[in-house]
1. Among what's in region 50-67 and is among the small types (Gly, Ala, Ser) and assigned to a helix (DSSP H, G or I), pick the residue that is modelled with the lowest pLDDT.
2. I'd like the full set of residues that are touching a helix residue (DSSP H, G or I) at 6+ places or on another chain (Cβ under 8 Å) and either acidic (Asp, Glu) or not in a helix (DSSP H, G or I) (or both), limited to region 1-49.
3. Taking the conditions exactly as written (over 23 Å from the mean Cα position of the chain (by Cα) and open to solvent by 80 Å² or more (accessible area, probe 1.4 Å)), does Arg104 satisfy them or not?
4. When residues of region 75-92 are filtered for being free of Cβ contacts under 8 Å to residues at least 60 places away in the same chain and open to solvent by less than 50 Å² (accessible area, probe 1.4 Å), how many remain?
Amino acid sequence: AVRRKERAAADRAAIDAESRLQLAMEVFARAEQQGAVATAIAAHKDVQLGHLSECSLLVQQRLKESQECVTQAQLQANHLRKELEELRAKRDAQLKKMHAAAARARSDADEAQKARDALKVQLESAQRSQEQSSC
């Protein structure tokens with residue numbers, strides 16, 4: 001029961017990490033889109049409004065902020081990937097232990113069944129011997 005709880009907790013943690021990774025990837029994609037939009041705006045303003053350097057500086061500032069968001073999203077995505085790998089490794093180790101325990105339990109059950117069968121044969125033999133000695 002404890003192992004099942006641990007496995008369930010590990011599975012939930014893995015799912016949570018995958019969700020956070022997906023969210024980080026979406027944030028990263030939005031940041032990339034914002035960066036692309038800011039770049040397009042900057043190029044358009046430079047062509048059409050070259051004499052408005054103040055507007056150009058504002059767009060460049062937005063681009064820098066978007067790039068910082070992209071950098072932060074990349075760092076967060078990398079962190080979440082590492083967490084996910086660690087959780088998967090823990091889950092795999094727990095599964096390996098559980099499989100080994102199950103194999104031992106199967107082996108113990110097989111041995112117990114063999115012992116039971118041997119005792120059953122001995123009992124039947126003893127009963128036949130008793131019946132023969134009674135006659």
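The values are calculated or read from the model by the stated rules, or taken from the named source; none is laboratory data. Everything numeric in this text was worked out from a predicted model, so none of it was measured. Cβ coordinates were reconstructed from backbone atoms using ideal geometry, including for glycine residues, and neighbour counts include every protein chain displayed. Protein only, heavy atoms only, side chains kept; ligands, DNA and RNA dropped before computing areas. Shrake-Rupley method; radii C 1.70, N 1.55, O 1.52, S 1.80 Å.
1. Selected residue: Ser56.
2. Result: Glu6, Asp11, Glu18, Glu32, Asp46, Leu49.
3. Yes, satisfied.
4. 1
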